[in-house]
Each structure stands twice: as C-alpha cells, then as structure tokens.
Amino acid sequence: MIHQIKSQTQHSTVLPQQIQLLKLFHLTGTELQDRIREELNENPLLEETQAPDHDEEPTKDTVQDYQDEEEYKYDDIPDYRLEHNNYLSEQNLPQFPLLERYDFRKDLKEQARFILEKGEEMEIANYLIDSLNDSGLLDQSMEEITDDYSFRKGKAVDAGQIEAIRSEIKKLGTGGAGCFTIREYLLYQLHQMNVRSPNVKKAISLMEKYFTSFAYRNAEKVLDGLGIDKHELKIVLKLIRNCKLKPVTEIDTSGASGTIIPDFIVRRNGDGYEVTLHHQRSSTLFINSAMSATISKQNPSDKRTLEYLKSKLNSAQWFVDAVRQREITMHKVMRVIIEYQFDYFKNGEIAHLKPMILKNITDNSGVDISTISRITCNKYADTHFGTIRLKDLFSEGIENANGRNISNRVIQSAIEEIVKNEDKKKQLTDRQLVTLLSNKGFDIARRTVAKYREQLGIPAAQFRSLLVS
C-alpha cells in the first residue's frame with residue numbers, strides 16, 4: 001500500500017555569491033589588491049580612483065605635474081640629476097646599503113617549476129610552499145590543507161593529489177621542506193643515508209616503531225625492540241643527533257627581516273581604541289557612469305552585447321558592494337575583539353589575555369562564525385605594542401588552582417619561559433614541566449603539557465638533548 005507522508009525540514013543553501021563573499025573575507029589586504037586588479041582588468045564597467053594621501057606634503061614634483069615643450073627645453077637640469085632620479089627618489093635616499101633578502105620559498109618555487117607541470121600541479125605546489133612556516137615545516141594537517149585549498153579553488157581536490165605534490169616538494173632544496181613534524185623530517189634525512197647500514201636501519205626502526213617509548217625514556221623497551229645494548233644505542237642516537245631538526249635553519253642570510261603588512265591599525269584614543277584598515281578600498285571603486293548609461297541606450301536587437309554589458313554591470317556593482325561589506329564587517333569584528341580583550345590591548349601582556357573562541361565574538365557582534373573565522377585568518381593588526389596575529393588572540397580556557405579561567409596561551413607562554421631557562425645539559429621532561437607549572441598555579445595533565453609543547457614547536461626533552469653535543 002502506498003502512503004503519502006508530509007514532513008518539514010530546514011536546510012541552508014549557500015549561494016554562489018555568498019561563497020564569493022566569504023572568499024573576499026578570507027583575503028588579506030595584499031591579496032585583496034591583487035583581486036581588485038584582476039576585476040579591473042576583466043570588467044570594463046569597474047574603475048578605480050587613487051585616494052589622495054592627505055598626510056603627504058606637496059613637493060616640487062606634485063605642485064606642477066607637467067611641463068610644456070618650451071619649459072622642458074630650457075630647464076637647466078644637469079643630466080646626472082635626471083639619470084640619478086631614474087633610480088632613487090631625491091627625498092628618500094637610502095641611509096644604508098640595500099641588502100638582498102634570501103627567500104627560501106621563492107627558491108623552492110623556482111625549483112618546482114622544473115619538476116612539475118604547469119597548471120594545477122604548480123598551483124598546489126605554490127600553495128604548499130606558501131603554507132610553510134619559517135622552519136620549513138607545515139603547521140596544518142593534510143585534512144586542513146585539503147579543505148582550505150578546495151575552498152580557495154571552489155572545487156573538491158583529492159588529498160592524495162596534494163600529498164603527491166608534497167612528496168615532490170620534500171625533494172627540493174636541501175630536502176625535507178614540507179614535512180609535518182620534526183620526527184618526519186628526521187626520518188626523511190635517515191632515508192637519504194645508506195639504508196643498508198645496520199646503524200641507519202636501527203635509527204629508522206627507532207623513529208618508526210619505538211618513538212613513543214623513546215620519548216617517554218623507556219630505554220628497556222627500545223633496547224629490547226631493537227635488539228641492541230646501551231653502547232649500540234649511543235651510536236644510533238649519535239647518528240640521529242647529526243641530523244638537522246629543521247629543514248630551514250636560517251631564512252635571512254643578509255640580516256634583513258621579513259615585512260608583515262597589517263590589515264588593521266589599532267591606536268589608543270583616550271580611554272578607548274580607534275580601528276582603521278590599512279587599505280580602505282571601497283571608497284576608490286566605482287561604476288563607469290558613461291558606460292552604464294549606454295546600456296539603456298543600447299539597441300535591443302543586439303541582445304548579445306546588451307546581455308554582456310548588463311552582466312558586467314551587475315558583476316561590478318556586486319563587487320563594489322562586497323568590498324564595502326567586507327570592510328564594514330572587518331571593522332565590526334575588530335572592535336568586538338578589542339572590547340573583549342580590552343585588558344590585553346592596554347600593553348600586550350600575554351598574562352592579560354582572556355580565553356576567547358569564535359562563538360564569543362559571534363554572540364557580541366551578530367556575525368556568523370564562518371565569517372569571523374575567515375576575517376581573522378592570516379590577518380595582522382598593528383598596535384602600539386607591536387604587530388599581532390589575530391588568530392593568536394583566540395584560545396581555549398583552563399581553570400587554575402584559584403578557580404579562574406586562564407587562556408591556554410598564558411600557559412603556553414609559561415612553558416616557553418621554563419624551557420628557555422632550563423639546564424641545557426639536563427632537559428626537563430613533560431612530567432617535570434607539570435610540576436613546575438603546578439607551582440605557578442596551573443594544574444594541568446601531562447598530555448596537555450605535551451600538546452601545548454608540540455603546538456609551540458618545542459621538541460621533547462630527548463630531542464632537545466640531541467642538540468647538546
């Protein structure tokens with residue numbers, strides 16, 4: 001017997017324009033400039049005007065922006081002055097030698113071009129290389145990388161395809177760039193040695209099968225598993241000690257430092273704070289009024305041209321509105337973050353950082369979590385105490401001995417300080433860190449200490465001891 005059943009269900013549908021808007025939220029200020037440049041090249045109805053810099057003092061060049069032929073012919077300016085001005089600004093001469101900065105990411109990309117095909121392979125390679133931290137390791141998991149890359153491209157990308165490109169990247173340069181952990185990088189180096197050597201085989205076996213036992217200093221289990229004595233273990237450990245802990249140990253051979261362009265500028269204003277964007281772009285974008293006016297005058301018989309112009313007009317109008325909405329939302333979110341972390345923004349002390357998750361900002365701003373996640377991703381703020389990464393302001397909370405909710409960033413900072421001041425010849429184990437943290441009022445489990453230590457990129461005590469000859 002056939003039955004009819006009525007039911008009501010709720011589901012949300014993400015429209016293509018909403019996806020495009022989320023992508024704009026995800027972009028940094030520099031990436032947005034590139035996106036605007038692309039849109040200007042593709043859409044004839046979209047134009048941009050350069051916003052005047054009101055802080056800039058007028059100069060001789062800005063007062064008179066042209067010369068007629070007679071003025072130019074009889075302007076007695078020595079040739080050497082003209083040649084010099086082709087290279088260096090007269091009002092901004094360098095006071096020190098210009099040093100070339102070594103960029104290992106650029107070097108890896110250049111090498112990748114010779115072993116990978118153009119198109120999607122190089123796009124994935126460039127994305128992975130740009131995702132490397134300053135040590136040459138990947139901080140995100142393969143699942144996170146796959147999801148993020150798929151979202152950026154607007155299509156599902158297989159993790160196996162990304163893993164295949166990652167394997168090729170690991171072969172570039174001195175080798176090992178793109179590993180997820182120090183353990184993986186050590187294994188990579190061991191596999192580049194003579195794997196027929198008994199000592200190399202034992203070192204690989206130790207890292208692959210008995211790493212956990214080694215990390216917890218269970219020497220007996222390691223010795224029994226490898227079938228060696230303590231003397232042979234010392235030889236194996238010496239072999240591992242000769243390996244590097246990071247694929248990139250020195251980014252800048254010239255002494256110059258990388259430049260971070262902040263998206264937000266936060267300045268104190270009395271008892272409060274003033275938030276501005278480093279690049280306010282919505283006010284410089286506009287629709288070409290002359291071309292848009294011709295659409296209404298277009299001959300209806302030329303339907304193709306009319307449809308093309310209308311689609312470009314709609315696209316341009318949406319893009320201008322989207323950039324404006326991005327800036328309004330960024331202002332709103334940043335103001336709520338400052339209000340929530342008001343004590344921290346006074347002096348930038350980690351101890352004043354409150355536990356904060358995305359939902360806290362959602363509840364106080366009315367902006368959904370996915371939007372906040374993209375606005376705060378890869379964004380920096382310039383403050384009176386330095387440049388900060390917005391993602392670093394978000395942290396879970398742990399209750400201390402006094403019942404107060406403490407940000408895990410505060411605990412991580414304490415771990416960093418303890419390890420920094422430890423006896424380099426007798427590194428502290430995670431259990432010893434638990435005891436020292438407890439003395440500071442942080443009662444947390446050993447596995448939590450291990451998790452925070454790994455998030456900070458601090459190797460286990462055994463690996464730290466390998467640095468000591």
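The values are calculated or read from the model by the stated rules, or taken from the named source; none is laboratory data. A quick note: this is a predicted structure, and the numbers were derived from the prediction, not measured. Note that each Cβ is placed from the backbone with ideal geometry, even for glycine, and that neighbours are counted across all protein chains shown.
Observations, loosely collected:
- Each residue in the stretch 218-260 was checked for being assigned to a loop (DSSP other than H, G, I, E, B) and either surrounded by 14 or more Cβ atoms within 10 Å (Cβ to Cβ) or at pLDDT 75 or above (or both), and 14 of them qualify.
- The set of residues from the stretch 181-217 being surrounded by fewer than 13 Cβ atoms within 10 Å (Cβ to Cβ) and of a type in the set (A, V, I, L, M, F, W, C) comprises just one member, Val195.
- Residue among Arg409, Arg374 that is within 15 Å of Arg326 (Cα to Cα) and of a type outside the set (A, V, I, L, M): Arg374
- Filter result for Gln50 (loosely packed, with under 14 Cβ neighbours inside 10 Å, at pLDDT below 85 and within 27 Å of the chain's Cα centre (by Cα)): no
- Gly160 vs. criteria free of Cβ contacts under 8 Å to residues at least 60 places away in the same chain and on the phi > 0 side of the Ramachandran plot: no
- Considering the stretch 137-173, and only residues there that are within 22 Å of Cys377 (Cα to Cα) and either in the same structural domain as Ser370 (by TED's automatic domain parsing) or among the basic types (Lys, Arg) (or both), the residue that is nearest to the chain's Cα centre (by Cα) turns out to be Arg152.
- Scan of the stretch 339-376 for residues that are β-branched (Val, Ile, Thr) and under 20 Å from Gln280 (Cα atoms), ordered by number: Thr371, Ile372, Ile375, Thr376
- Of the residues making up the stretch 113-136, those that are more than 21 Å from the chain's Cα centre (by Cα) and either among the hydrophobic types (A, V, I, L, M, F, W, C) or assigned by TED's automatic domain parsing to the domain that holds Leu456 (or both) number 3.
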